[in-house]
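Working notes for the structure below.
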Amino acid sequence: MKNNSTSLSGLPSSTRIGVIGGGIMGNGIAAVALRAGHPVSLHDSRTEALDKAAEAIENIVARWVKRGDLQPADHAEYRARLNLVPTLEGLNDCGLVIEAIIEDLKIKQTVFSALEQVVSREAILASNTSSISITAIGAGMQHPERLVGMHFFNPATVLPLVEIVSGEATDPQIAELIANTAAAWGKSPVHCRSTPGFIVNRVARPFYGEAMLALQERACSKGTLDAALRDAGGFRMGPLELMDLIGHDTNFAVTRTVYNSFFQDPRYKPSLLQQALVDANWLGRKSGRGFHSYADGAPAPTVELAATTDAPQQAVFMGKFAGIEELIALANEHDLSVEHLAGQGVIVLGDVQLLPSNGLTATRIAAESATPNVVLFDASIDYRKATLIVLAKADQCSDQALNKAVGFFQKLGKNVTIIDDIPGLLVLRTLCMLANEAAEAVCHGIASAADVDTAMIKGVNYPMGPLAWADQFGSQNVVSVLDHLAEAYPDGRYRSSALLRRKALTDSRWINSSQLAEEQQ
């Protein structure tokens with residue numbers, strides 16, 4: 001479909017926008033379109049839903065006025081541009097209609113087939129689906145070329161990301177027009193092909209999956225696990241508390257959909273731990289209990305911190321590893337005697353070998369090197385900003401030797417937690433799997449590297465894009481960690497992307513940092 005009547009700079013603000021669905025997402029999308037200056041028609045077949053929708057949108061606009069984002073005089077004008085319509089026929093004059101209803105393929109196909117009979121031939125149709133194939137939805141339409149995915153993130157009025165999803169039949173000009181329209185609405189659009197999970201729901205699976213595997217192996221307490229990814233890794237929330245916020249029914253359903261859509265690929269295998277929560281109706285915050293308790297007066301999750309101990313007198317840094325410059329600078333700032341010598345990446349504390357995790361266990365490294373006092377420390381996106389360091393010791397390592405490693409990081413002003421000696425610890429295995437999944441999406445032409453990273457930053461508040469992190473850590477190091485994990489868990493979950501392996505050969509960068517920064521403004 002070629003829509004030559006409309007500029008590819010985006011739909012003009014005079015275009016009436018239709019929204020189907022008076023729930024949280026539909027209301028948020030309607031408010032965003034109103035704020036961009038469009039007249040909006042909101043449809044829901046339930047009268048009570050329309051009444052609640054009008055009230056919800058009124059409250060959204062009132063909050064904008066209270067914050068000073070809008071002038072009080074604009075409040076009434078916004079309401080005047082909102083039209084509540086109880087039938088699909090009320091959307092007949094819309095130039096763009098966005099569906100935001102239940103995640104059910106047959107229902108969506110029925111709605112779009114009916115909608116085609118109502119709107120003009122030039123109208124563009126969009127679905128806010130988060131998991132259903134745009135190609136499959138469009139298969140029931142007479143003109144699937146005018147259907148595009150326009151996936152907002154909840155709350156739509158706050159989160160900037162919109163995934164612009166092209167099905168097999170979607171006209172590229174339509175996708176570009178809708179991306180430009182989303183940008184004009186103050187959003188950050190990214191393009192992707194219609195595949196299971198699109199960008200965010202696919203690439204984010206390891207953030208949840210690796211946490212549940214570590215929990216299943218009893219590596220540490222639930223509170224410690226969340227703290228590791230949050231306070232050591234730099235993520236806004238820990239994976240368990242984030243799943244509790246999302247709701248385990250929703251998160252588990254998405255994981256199952258992605259897993260089955262990829263023909264039971266072990267990368268996306270659901271967890272029995274999460275299924276048990278769903279079976280128990282412990283759905284997280286909305287039910288009062290999930291991985292953590294949200295009952296009134298419930299204590300905060302316990303983070304198991306190491307006791308304070310004396311710092312070693314000297315630290316000898318040898319060779320290079322990701323973050324070594326930050327750690328040397330911190331050691332100097334905290335008056336610790338430091339030497340930096342040539343050699344393999346290690347921090348020597350007397351008789352202790354303090355090593356960055358590389359996917360092997362400390363116990364294996366100690367056995368193969370005939371050096372009993374081996375302690376591993378976990379990765380961090382930024383060791384300077386991190387308030388927590390995760391350690392694991394070899395089974396052969398003495399408690400006195402472990403205390404030297406603890407004291408070293410405490411001297412740098414960090415809290416320390418000690419977990420069981422599992423491959424890849426907590427942060428490293430998560431970051432490597434996120435980078436691997438992002439690489440696979442790029443490899444398969446789902447989205448560009450820049451769009452993948454933008455999606456993860458803008459859609460789920462990651463501290464940096466997974467491919468930009470791979471640039472920082474080194475693609476060859478990511479592949480090495482994944483190979484070590486694949487050796488420990490030989491079920492195919494940790495196989496590295498073919499494109500990631502090719503990048504590792506030359507260690508070429510995934511992301512042009514200046515370009516990405518400009519695109520994310």
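Just so you know, all these numbers are worked out from the coordinates, no wet-lab data involved. The structure presented is a predicted model; accordingly, all values stated were derived computationally and were not measured. Every residue, glycine as well, gets a Cβ built from its backbone with ideal geometry; the counts of neighbours run over all protein chains shown.
Let's see if you can work this out: charge +1 on each Lys and Arg Cβ, -1 on each Asp and Glu Cβ, no other charges. What is the dipole magnitude of the chain about its Cα centre, in debye to the nearest 20?
Working: 44 positive and 56 negative charges, 102 e Å.
Computed about the Cα centre, the dipole is about 500 debye.
Can you work out ³J(HN,Hα) from phi for every residue in segment 239-249, in order, using Karplus 6.51 cos²θ - 1.76 cosθ + 1.60 and θ = phi - 60°, giving whole Hz and x for Gly and Pro?
x, 6, 5, 5, 4, 4, 6, 5, x, 5, 4
If you build the convex hull over the alpha carbons only and average its shadow over all orientations, what do you get for segment 217-266? Give it in nm² to one decimal. List each step's numbers first, then the result.
Working: hull surface 17.4 nm².
With the hull built on Cα positions only, its mean projection is 4.3 nm².
Please give every one of the aspartates and glutamates within straight-line cross-link reach of LYS108, meaning a C-alpha to C-alpha distance under 14 Å, and leave out same-chain neighbours fewer than 8 residues apart.
Excluding near neighbours in sequence, the set is ASP44, GLU99, GLU116.
Is there a quick way to get the dipole size of segment 17-194? I mean about its Cα centre, with the Cβ of Lys and Arg at +1 and of Asp and Glu at -1; what is the value in debye to the nearest 20?
Taking the Cα centre of segment 17-194 as origin, the dipole is about 380 debye.
For the pairs LYS286/LYS393; LYS320/LYS385; LYS222/LYS503; LYS320/LYS503; LYS269/LYS320; LYS411/LYS458, flag any whose C-alpha to C-alpha distance is greater than 28 Å.
Details: LYS286/LYS393 38 Å; LYS320/LYS385 20 Å; LYS222/LYS503 35 Å; LYS320/LYS503 20 Å; LYS269/LYS320 35 Å; LYS411/LYS458 35 Å.
Cα-Cα > 28 Å for LYS286/LYS393; LYS222/LYS503; LYS269/LYS320; LYS411/LYS458; rest within.
So what's the gap between the Cα centers of segment 101-123 and segment 264-298, to the nearest angstrom?
A separation of 34 Å, based on Cα centres.
Take the Cα pairs of segment 17-194, get the Kirkwood Rh, then feed it into Stokes-Einstein at 37 °C and 0.692 mPa s and tell me D in µm²/s.
Details: Rh = 16.1 Å.
Translational diffusion coefficient: 204 µm²/s.
List, in order, the whole-Hz ³J(HN,Hα) value for each residue of segment 384-393 obtained from phi through the Karplus relation with A = 6.51, B = -1.76, C = 1.60 and θ = phi - 60°; use x for Gly and Pro.
5, 7, 4, 9, 9, 10, 9, 10, 9, 10
In vacuo Debye scattering of segment 405-521, one point per C-alpha: log10 I(q)/I(0) at q = 0.09, 0.14, 0.21 Å⁻¹?
Calculated log10 I(q)/I(0) at the listed q: -0.28, -0.65, -1.12.
Rounded to a whole number of µm²/s, how large is the Stokes-Einstein D of segment 314-418 at 20 °C and 1.002 mPa s, given Rh as the Kirkwood radius over C-alpha pairs?
Numbers: Rh = 13.6 Å.
Result for D is 158 µm²/s.
Please report Rg over Rh for segment 28-117, where both radii come from the alpha carbon positions and Rh follows the Kirkwood definition. Working shown, then result.
On the way: Rg = 14.2 Å, Rh = 14.1 Å.
So for segment 28-117, dividing Rg by the Kirkwood Rh gives 1.01.
When all alpha-carbon pairs of the chain are counted, what percent fall beyond 38 Å?
Values: 46518 of 135460 pairs.
Taking all Cα-Cα pairs of the chain, the fraction more than 38 Å apart is 34 percent.
Note the per residue figure in Å³ for the convex hull of the C-alpha positions in segment 254-372.
220 Å³
According to the Cα gyration tensor, what semi-axes, each the square root of 5 times an eigenvalue, does the equivalent ellipsoid of segment 412-479 have, listed from largest to smallest in whole Å?
Sorted largest first and rounded, they come to 25, 15, 10 Å.
Using a Debye calculation, one point per C-alpha and no hydration shell, please list log10 I(q)/I(0) for segment 192-253 at q = 0.13, 0.30 Å⁻¹ in order.
-0.37, -1.32
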